[in-house]
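Remarks on the structure that follows.
The values are calculated or read from the model by the stated rules, or taken from the named source; none is laboratory data. Source: prediction; values computed, not measured. When we count neighbours, we look across all protein chains shown, and the Cβ atoms used for this are built from the backbone with ideal geometry, even at glycine. In case anyone asks, the SASA skips ligands and DNA or RNA and just uses the protein heavy atoms, side chains included. Shrake-Rupley method; radii C 1.70, N 1.55, O 1.52, S 1.80 Å.
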Amino acid sequence: MPGKFSHNGSNYFFLHIPKTGGKMWEHLFSGVGLTSGHSFVGSKPEGYSFTVIRNPFDRLVSCFYYLKAGGCWSGDANDAMKYGITENSFSDWVKLASENPEYYLEQQHVMPMMRRIGKKENFDRIGLFENLEDETRKLYSIIYNEELIEVPVINKSTHNHFEEYYTEETKNIVANLYKEDITLYKEMLDAQDI
C-alpha cells in the first residue's frame, strides 16, 4: 500500500492528498521510505496513520492552476486537456464541473479529499495545510524523536489568494461539490484552534 513505511520498529501510513504539502514530506522523509501515493483508505491502516487536508476552496484553486501550468509530469498536462482545464478560466471550469461532477471530479488532483480519506476515524492525525510547518515538526518528532530545525518549501503554488478567484456563484457551486470536505475541514479547524 503506497504511503506505508516502518522506522525504528514502528509502522506509519501517510495518505498524500494532492496539493496539501505531500511532495515536501516525501522529500523530507524519503530516508524512512515515505513516498507519494494517492491511495484510497477503506479501513484503519496498521500503525500511526496521518494525512493533511486543506481549505477546499484554496485547494481547488491550487489544483486548477497547477494543472493549467502543466503539472509535474505528462499525465498532468494530458489531464488538464482531458478535463477542460487548459482552455477554460477557473470560473468557467467550476461551472463545467458542476454539470458533470462524476466525470470532472474523478481527476486525481481535483477529486474531493473525503473520497480518499473514507472515514476520519481511519486516521490518528489529520493535519491542516494552513498549519503545515507545525504539522511537519510534529511528524518529524514522532518519527525521528528529535526536533526539526528548518522546514523545506517544495512545489509551492504561484497564484493569488484563493478568494480572488471566486464569484458568489462559483463559491456556492464549490460548496456543494465539496460539502464533505468543507465539513471535515471546519471540524479540524475548530479542533486545532487555528
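Would you check which residues across the range 53-78 are buried (at least 17 other Cβ atoms within 10 Å of the Cβ) and at positive phi and list them?
Answer for the range 53-78, where residues must be buried (at least 17 other Cβ atoms within 10 Å of the Cβ) and at positive phi: just G71.
Kindly evaluate A97 against the criterion of being open to solvent by 30 Å² or more (accessible area, probe 1.4 Å), among the hydrophobic types (A, V, I, L, M, F, W, C) and more than 22 Å from G31 (Cα to Cα).
no
If E146 satisfies every condition in (1) outside any loop (DSSP other than H, G, I, E, B); (2) open to solvent by 80 Å² or more (accessible area, probe 1.4 Å) but one, which is the exception?
(1)
Among the candidates E135, E163, single out the residue that is part of a helix (DSSP H, G or I) and farther than 19 Å from L34 by Cβ.
After ruling out the rest, the residue left standing is E163.
Enumerate the pairs (first residue in the range 19-45 and at pLDDT below 80; second residue anywhere and of a type in the set (D, E)) with beta-carbon separation below 7 Å, excluding pairs fewer than 6 apart on the same chain, so at least 6 apart or on different chains.
Partner pairs satisfying both residue conditions: L34/E26; T35/E26; S36/E26.
Run down T86, T51 and say which single residue is closer than 23 Å to E146 by Cα and either touching a strand residue (DSSP E or B) at 6+ places or on another chain (Cβ under 6 Å) or of a type outside the set (K, R) (or both).
Just one listed residue meets the conditions, T51.
Note down all Cβ pairs under 8 Å where the first residue falls in the range 155-174 and is on the phi > 0 side of the Ramachandran plot and open to solvent by 50 Å² or more (accessible area, probe 1.4 Å), the second is of a type in the set (K, R) and at pLDDT below 95, and they're at least six residues apart or on different chains.
As it stands, the answer is N155/K23, since those pairs meet every condition given.
Please go through (1) part of a helix (DSSP H, G or I); (2) open to solvent by 50 Å² or more (accessible area, probe 1.4 Å); (3) over 19 Å from E180 (Cβ atoms); (4) at pLDDT 95 or above for T86 and return the number of the only condition it doesn't satisfy.
In the conditions (1) part of a helix (DSSP H, G or I); (2) open to solvent by 50 Å² or more (accessible area, probe 1.4 Å); (3) over 19 Å from E180 (Cβ atoms); (4) at pLDDT 95 or above, T86 misses (1) alone.
Please specify each residue of the range 8-52 satisfying the condition of being in a loop (DSSP other than H, G, I, E, B), aliphatic (A, V, I, L, M) and open to solvent by 10 Å² or more (accessible area, probe 1.4 Å).
V41
Scan the range 127-141 and tell me whether some residue there is within 18 Å of the chain's Cα centre (by Cα), of a type in the set (S, T, N, Q) and open to solvent by less than 70 Å² (accessible area, probe 1.4 Å).
Yes, because at least one residue in the range 127-141 is within 18 Å of the chain's Cα centre (by Cα), of a type in the set (S, T, N, Q) and open to solvent by less than 70 Å² (accessible area, probe 1.4 Å).
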